[in-house]
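Nothing in this text is a laboratory measurement; each read-out follows from the coordinates by a stated rule. All of these numbers come straight from a predicted model, not from anything done at the bench. Quick reminder, even Gly has a Cβ in these numbers, built from the backbone with ideal geometry, and neighbours come from all protein chains shown.
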Amino acid sequence: MNAIRGIALSKSFQHYQVLKEVSIEVMQGECYALFGPNGAGKTTLLRIFATLHRPNSGTFEIMGMDGKRERTKVREAIFMIGHGSYLYDDLSVKENIQFAIGIRGWNPSDAEIKKALDQVGIGRFARLRSRYLSAGMKKRLSIAKALLIRPKVLFLDEGYASLDEKGVGMMNECIREFTEAGATVLMTTHNRAVTAEVAHRVGVLTRSVLTEMTVNEMVEADALF
Amino acid sequence: MHFFRLIRWIAWKDLLSEYRNRENVSSMFFFALNVILIFSFSFSLDPDTIKEIMPGIIWVAFGFTAIIGLGKSFLIEVNNDCMEYFQTLPGPKGAIYLGKFLGNFLFMLMVEIILFPLFVLFFNLSILDQALPLLLVSSVATFGLSALGTLFSALTVQIRAREVMFPILLLPLSVPIFIGAVEATRGALSGDPFSMYSHWIELLTVFDVIFVVVSFWIFEFILDY
């Protein structure tokens, strides 16, 4: 079953056309890595699927639900780790997690929160206000949220950015955990070697043309774009 | 149930953040203190005349304090792209508005309660007997101001000229609130029977309901553009 399906998606900002009739399909339980030069429209495509942008034309489906008409249902199935940390500086790490999950209608227990924070390596900072976290720790906190929410579709916009070597390994472990549990991951990235460890399929978005390739082809290619 | 929990989470987050950083409350307090000082040194009036002009002074101080406080209420959501997180929430967006509104209302009311003793001190007022009616008038008027202020704060937070646009939008629409508040405060301060000025409170209540209902409805479109 297709978890993500975009058909002829186009998006312009002012007079600049970022996406022109881009189509993509990602299967359930698959990790799809999206490469492309800066400004190719990778983030825009992710944000369309995450219901943050509306496409100028084209349609998309998430878990078989229409992305335009069934936005609320789509939002129940997805979670996005984007460039923003979605954190409140004056709340502690634990409070930020409680809030982020609480407003989605679920109150995780202290033990569940601790387990998720420990898994991403920031358990001992649970009571620290998030204003004192580094960018990498904020990224880890976002992953902890995803671990608790367990979305059916996870969007990672430059998921490895700001993470140290251990953090990248932890991120890949989490991605594996998600896909093995049947969740779908669509990620934008620039790191071929690390992505090759988890990706099932790869797409390169250049000037609105999406070229698909296998992970091996991606690794062996001299240059992707 | 989730609707009400969402409201509670948002209000909790706002009040806790404000309690910890005290950014808004200090700027509002010192601004209001300045207004009170300027007026108290400008007029040296007899008690009867003070009672006549006092409602105007009180609501000039509260009104401009509201502009400072409410205008910034959505800044906290923009700092780490938290508005984006709200956009991707599956829950009803109106609940986010009501949560922000509730936080703003309680916060504004708390500031006003702190300021009332200063009016007593600097203008030699005796309001102990009228404390309850004054609290009622303040609550009803602040309810409407917070309803409008929360909406316009959300509307202007993403635009560059927000500090100019916010009062331009808020002040004209709050005129009925200020008129009702000044008249009802005059009645309460003068020690008139409640029935003499209750119609002003009824008028304020009508505007409160209109402002909350309309803002609740509009907010969905602001957030989910």
Item to check | Total charge dipole magnitude, the range B:2-223, about the Cα centre, Cβ charges on Lys, Arg, Asp, Glu only, Debye to nearest 20 | outcome: 620
Item to check | Where only alpha carbons of the protein assembly as shown are counted, the Rg and the Dmax (Å) | outcome: 26.2, 90
Checklist entry - If each residue's Cβ is checked for other Cβ atoms within 10 Å, how do B:136, A:52 rank with the fewest at the top? => result B:136, A:52
Checklist entry - To the nearest 20 debye, what charge dipole does the range B:153-218 have about its Cα centre, counting +1 at the Cβ of each Lys and Arg and -1 at the Cβ of each Asp and Glu? => result 300
Checklist entry - For the range B:117-225, which trypsin sites (Lys or Arg not before Pro) are in a loop by DSSP, counting at most 15 other Cβ atoms within 10 Å? => result B:160
Next on the checklist: Given contacts defined as C-alpha pairs under 8 Å and at least six residues apart, what's the relative contact order of the range B:2-223, whole-number percent?
Outcome noted: 29
Checklist entry - What angle do you read, to the nearest 10 degrees and between 0 and 90, between the alpha-carbon axis of helix A:135-149 and the longest principal axis of chain A? => result 90
Checklist outcome for this item: Over chain B, the sum of -39500 (n - 2.57) across DSSP H runs of at least four, divided by residue number and rounded to 500 deg cm²/dmol, gives at 222 nm -28500 deg cm²/dmol
Checklist entry - In the range A:90-133, which trypsin sites (Lys or Arg not before Pro) are in a loop and have at most 13 other Cβ atoms within 10 Å, using DSSP for the loop call? => result A:127
Checklist entry - For the range B:3-82 and the range B:186-225, what is the separation of their Cα centres, given in Å? => result 18
Checklist outcome for this item: Shape call for the range B:26-68, from the Cα gyration tensor axes a ≥ b ≥ c (a/c under 1.5 means rounded, otherwise prolate when a/b beats b/c, else oblate), comes out oblate
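Could you work out the local net charge near residue B:196, counting Lys and Arg as +1, Asp and Glu as -1, over the other residues with Cβ closer than 14 Å to its Cβ?
-2
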Item to check | Theoretical ellipticity at 222 nm over chain A - DSSP helices of four or more residues, -39500 (n - 2.57) apiece, nearest 500 | outcome: -10000 deg cm²/dmol
Checklist entry - Per-residue mean of other chain beta-carbon atoms within 10 angstrom of the beta-carbon, peptide B:14-27? => result 2
Item to check | Charge tally in the Cβ shell below 13 Å around residue A:170, where Lys, Arg are +1 and Asp, Glu are -1, residue A:170 excluded | outcome: -2
Checklist entry - Of B:217, B:195, B:65, which is farthest on the positive side of the dipole of the range B:2-223, counting Cα position, with +1 on Lys and Arg Cβ, -1 on Asp and Glu Cβ, and the Cα centre as origin? => result B:217
Checklist entry - If you average 1/r over every pair of different alpha-carbon atoms in the range B:82-188 and take one over that average, what Kirkwood value in Å do you get? => result 15.7
Next on the checklist: Less than 13 Å Cβ to Cβ from residue A:215, Lys/Arg counted +1 and Asp/Glu -1: what total charge do the surrounding residues give?
Outcome noted: -3
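Taking neighbour counts of Cβ atoms within 10 Å as a proxy for exposure, in what order, fewest first, do A:160, B:19 appear? Walk me through the numbers on the way to the answer.
On the way: A:160 17, B:19 11.
Final ranking by Cβ density, sparse to dense: B:19, A:160.
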